[in-house]
């Protein structure tokens, strides 16, 4: 059996649900940043990245609902939770870019020299 290039790591039992489709879309968008190739070590990070994207979308719906019902205390809690998730998303994004850069450096020695120069600066 051949390995699919650019495949999205599975995170949900049924990939046909709305949440799973949102997850797959977020993962595909992120994979496009790396031309569909990501090292094996980045697959777990990509899965968590996608799950956080889905959770942020879900929390946005809850936040809108809380504001519509004038539940300001609940809205504050949701905002706090979204803020934490947003910082986690940025950390995963940064780490995915590092892994992609390392994979490219292993394939291209010139890119490795550029990475070394950036690290010195």
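The values are calculated or read from the model by the stated rules, or taken from the named source; none is laboratory data. Computed from a prediction, not measured in an experiment: that's the story for all the values here. Cβ atoms come from the backbone with ideal geometry, glycine included; neighbour counts cover every protein chain shown.
Tabulated values for the structure
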{"item": "Residue pairs meeting the criteria (Cβ under 9 Å; at least 6 apart or on separate chains; first in contact (Cβ under 8 Å) with a residue 24 or more places away in the chain and on the phi < 0 side of the Ramachandran plot, in region 38-55; second assigned to a loop (DSSP other than H, G, I, E, B) and surrounded by 20 or more Cβ atoms within 10 Å (Cβ to Cβ))", "result": "45/38; 46/8; 46/38; 47/8; 50/8"}
{"item": "Per-region count, region 1-21, residues under 12 Å from the mean Cα position of the chain (by Cα) and either modelled with pLDDT of 90 or more or part of a helix (DSSP H, G or I) (or both)", "result": "0"}
{"item": "Output for region 23-37, where each listed residue is surrounded by fewer than 16 Cβ atoms within 10 Å (Cβ to Cβ) and either touching a residue at least 24 places away in the same chain (Cβ under 8 Å) or farther than 15 Å from residue 49 by Cα (or both)", "result": "33, 35, 36, 37"}
{"item": "Test result for residue 44, out of contact with any helix residue (DSSP H, G or I) (no Cβ under 9 Å at 6 or more places or on another chain) and surrounded by fewer than 17 Cβ atoms within 10 Å (Cβ to Cβ)", "result": "yes"}
{"item": "When residues of region 96-114 are limited to those that are modelled with pLDDT of 80 or more and loosely packed, with under 15 Cβ neighbours inside 10 Å, the one nearest to the chain's Cα centre (by Cα)", "result": "97"}
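Condition check ((1) modelled with pLDDT of 95 or more; (2) under 11 Å from the mean Cα position of the chain (by Cα); (3) outside any helix (DSSP H, G or I); (4) surrounded by fewer than 16 Cβ atoms within 10 Å (Cβ to Cβ)) across all residues:
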{"position": "49", "(1), (2), (3), (4)": "no, yes, no, no"}
{"position": "62", "(1), (2), (3), (4)": "yes, no, no, no"}
{"position": "65", "(1), (2), (3), (4)": "yes, no, no, yes"}
{"position": "81", "(1), (2), (3), (4)": "yes, no, no, yes"}
{"position": "93", "(1), (2), (3), (4)": "no, yes, no, yes"}
